[in-house]
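Visitor: Below you'll find the structure I mean.
Please treat every number below as a calculation from the coordinates, not as lab data. Nothing here was measured: the structure is a model prediction, and the numbers come from that model. Please note: Cβ atoms are built from the backbone with ideal geometry, for glycine as well, and neighbour counts cover all protein chains shown.
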Amino acid sequence: MINLRKITEEIFPAIIKMKMPEDQHFVAPNVYSLAEAWLYPSARPFAIYNDDLLVGFIMLDWNPNKQDLGIWRLMIAVDQQGKGYGQDTIKIVIEMAKKEGKFKSLSLDYTPENKIGEHIYYKLGFRPTGEIDEGEIIMKLDIKEN
């Protein structure tokens, strides 16, 4: 079962070594994301586990004042892709946002080349806002309706 855990000193090396496939450049390296998490108070990075197996990394933009929980980064390790972990992780984030009770929506962005991500986001109810940021399509999910 997918679960999110705080990143500790013990798993830090595995998180920063995690890579996407060579032909995919959809997400910043995890070491870059962790540096951003140190800089930005709203950033919340987590390790993604399937039971006790590390399978990925996610970083959220957790700012209840904006009433929108952002999925800033999501990366599933190359050897763990195609198993539904990304989709299951987003479902967990949706439930976290609902449980928090302060968020009205979730948002994310993706590069147009990321057709698998696009398919998953649509499947989970995200829709384009019409905005594009640095070439990435912004999508939103109203969590009060889902």
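Visitor: Starting with the highest mean, order 114-126, 85-97 by the number of other Cβ atoms within 10 Å, averaged over the residues of each peptide.
Guide: Ranking, from highest mean packing down: 85-97, 114-126.
Visitor: Within 10 Å of each residue's Cβ, count the other Cβ atoms and sort Arg44, Arg5 from fewest upward.
Guide: Neighbour counts put them in this order, fewest first: Arg5, Arg44.
Visitor: Which ³J(HN,Hα) values, rounded to whole Hz and listed in residue order, are derived for region 51-65 from phi using the Karplus coefficients 6.51, -1.76 and 1.60 in 6.51 cos²θ - 1.76 cosθ + 1.60 with θ = phi - 60°, glycine and proline given as x?
Guide: Rounded to whole hertz, the list is 6, 10, 9, 5, 10, x, 9, 9, 10, 9, 9, 9, 9, x, 5.
Visitor: Treat the count of other C-beta atoms within 10 Å as a stand-in for reagent exposure and order Ile76, Ile2 from fewest to most.
Guide: On the way: Ile76 24, Ile2 19.
Least crowded to most crowded, the residues run Ile2, Ile76.
Visitor: Rg and Dmax of the chain over Cα atoms: what are they, in angstrom?
Guide: According to the Cα coordinates of the chain, Rg and Dmax are 14.4, 41 Å.
Visitor: Label Asp142 and Leu39 with points 7 Å out from Cα along Cα→Cβ: what is the distance between them in nm?
Guide: Inter-label distance under the simple model: 3.5 nm.
Visitor: So, one more: Give me the percent relative contact order of the chain, please, defined on Cα pairs under 8 angstrom at least 6 residues apart. Could you put the intermediate results ahead of the total?
Guide: Numbers: 233 pairs, mean separation 28.0, N = 146.
Answer for the chain is 19 percent.
Visitor: Right, here's the next one. Compute the separation of the alpha-carbon centres of region 29-79 and region 90-146 and state it in Å as a whole number.
Guide: Rounded to whole Å, the Cα centres lie 14 Å apart.
Visitor: Report ³J(HN,Hα) in whole Hz for each residue of region 9-19, in order, from the Karplus equation J = 6.51 cos²θ - 1.76 cosθ + 1.60 where θ = phi - 60°; Gly and Pro get x.
Guide: Those phi angles translate into 4, 5, 9, 3, x, 5, 5, 6, 8, 4, 10 Hz.
Visitor: Something else: What is the distance, in nm, between label points placed 7 Å from the Cα along the Cα-to-Cβ direction at Thr111 and at Ala28?
Guide: Result: 1.4 nm between the two label points.
Visitor: Do you know the relative contact order of region 75-146, to the nearest whole percent, from alpha carbon pairs under 8 angstrom that are 6+ apart?
Guide: That works out to 32 percent.
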